[in-house]
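The values are calculated or read from the model by the stated rules, or taken from the named source; none is laboratory data. Please read all numbers here as calculations on a predicted model, not as lab measurements. Here the Cβ is made from the backbone with ideal geometry for all residues, glycine too, and neighbour counts use every protein chain on show. For accessibility, only protein heavy atoms count, side chains too; no ligands or nucleic acids. Shrake-Rupley method; radii C 1.70, N 1.55, O 1.52, S 1.80 Å.
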Amino acid sequence: MTSSFYQQVRHLSQQVVATLRAGAFVGLTSLVTLNAALVAAPASAADAASDNARSNAGPAYGPELQGFNYPYPVSRFDFTSQRSPLHMAYIDVKPAQPNGRTAVLLHGKNFCAATWEDTIGVLSAAGYRVIAPDQIGFCMSSKPAQYQYSFQQLANNTHALLASLGIKTATIIGHSTGGMLAARYALMYPNETQQLVLVNPIGLEDWKALGVPSKTVDEWFDRELRTSATSIRNYEKSTYYAGHWDERYEPWVQMLAGMYRGPGKRIVAWNSALLYDMIYTQPVVYELGNIHVPTLLMIGDKDTTAIGKDFSPPEVQARIGHYPELAQKTHAAIAGSTLVEFPDLGHAPQVQDPAAFHKALLAGLAALH
């Protein structure tokens, strides 16, 4: 390659560094676009590494997402749990014309309260008070060095938050891992759960029993330390969005990847490892029949999510993560539930097709008598 090419690369690298220091992700996006001609197929291992570095470029955030701006004001709930002072960040949006109902939005493993941005706006406009917390171990909330993670504990934390706000009953809406948590919340607090909405929840099958190999927390930790924008993007494209990608999803990739670029990378990875162990060992599938609150299932049928699928034997991969089947089984298990399927959508229908998702959500919420 010519010296001119390397000078261009060096100049681009200097611009990227300057952009990152300024925290200007929008500027970085424009910069990468303007220099697209430099992003060619790598001719060597060094070029491949350089190409990967460019695809992983982006802002660096603190361990509690310091430097990332949420679309709504963020409040903080301070409490003590397991002998440690902790805090939960949460969004609380009160509607201009209240309908008397509160909706609690519970995020997934690779999501944050901010990812509910469109849903918060739609629900608020429809008259719902909307509470969207970041769970302990996630996003803007505490990431303790040691914590016994369980869905019971996270449900208890969420219940304490709502009690502190004077909220006695609510519609609980959970997506992905948040769906596992929402189901647990409804099991623990049935009299305070006005309605349950499960959006592509995981835990609808027992991966361990189906043959997914176990990993120690230390092994999960080592794996999480290798997290990058590239790995997040590739995983979400193949698993969440049925092989399709839209630049609308990129801010949420950068939201997560930024914590792994920042000074708190190790504590972020450690909490993520503990959370993966919780998800793997605590499936909710065996207790679905004990849910007796009005339940709305919203399932993107193209979803293939299954924890540990990527490192499972081929025969195990073939039998897990089939959401059309899981949707029907879950619908049958939860008496009186309503099932809405999105045939062409994946794991995050609220992100992939907000208009279709929110139309179905509002109709499902209004059906509660």
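Within the stretch 283-313, being touching a residue at least 60 places away in the same chain (Cβ under 8 Å), part of a loop (DSSP other than H, G, I, E, B) and within 23 Å of ALA335 (Cβ to Cβ) holds for PRO283, VAL284, ILE291, HIS292, VAL293, PRO294. I'd like to know if the stretch 241-250 contains one or more residues that are open to solvent by less than 30 Å² (accessible area, probe 1.4 Å) and either β-branched (Val, Ile, Thr) or out of contact with any helix residue (DSSP H, G or I) (no Cβ under 7 Å at 6 or more places or on another chain) (or both). Within the stretch 241-250, one or more residues are open to solvent by less than 30 Å² (accessible area, probe 1.4 Å) and either β-branched (Val, Ile, Thr) or out of contact with any helix residue (DSSP H, G or I) (no Cβ under 7 Å at 6 or more places or on another chain) (or both). Selection of the stretch 332-345 for residues being under 12 Å from ILE299 (Cα atoms), open to solvent by less than 60 Å² (accessible area, probe 1.4 Å) and either of a type in the set (Val, Ile, Thr) or part of a helix (DSSP H, G or I) (or both) yields only VAL340. The selection criterion, being touching a residue at least 60 places away in the same chain (Cβ under 8 Å), open to solvent by less than 20 Å² (accessible area, probe 1.4 Å) and either among the small types (Gly, Ala, Ser) or in a strand (DSSP E or B) (or both), does not hold for MET278. Of the residues that sit in the stretch 346-355 and are open to solvent by less than 20 Å² (accessible area, probe 1.4 Å) and part of a loop (DSSP other than H, G, I, E, B), which one is farthest from GLU325 (Cα to Cα)? It comes out as ALA348.
Among all positions in the stretch 209-230, there is at least one residue which is polar (S, T, N, Q), part of a helix (DSSP H, G or I) and either in contact with a Lys or Arg (Cβ under 6 Å, 6 or more places away or on another chain) or open to solvent by less than 30 Å² (accessible area, probe 1.4 Å) (or both).
Just one of the listed residues (SER142, SER124, SER150, SER81) is buried (at least 19 other Cβ atoms within 10 Å of the Cβ), more than 19 Å from VAL197 (Cβ to Cβ) and of a type in the set (S, T, N, Q), and it is SER142.
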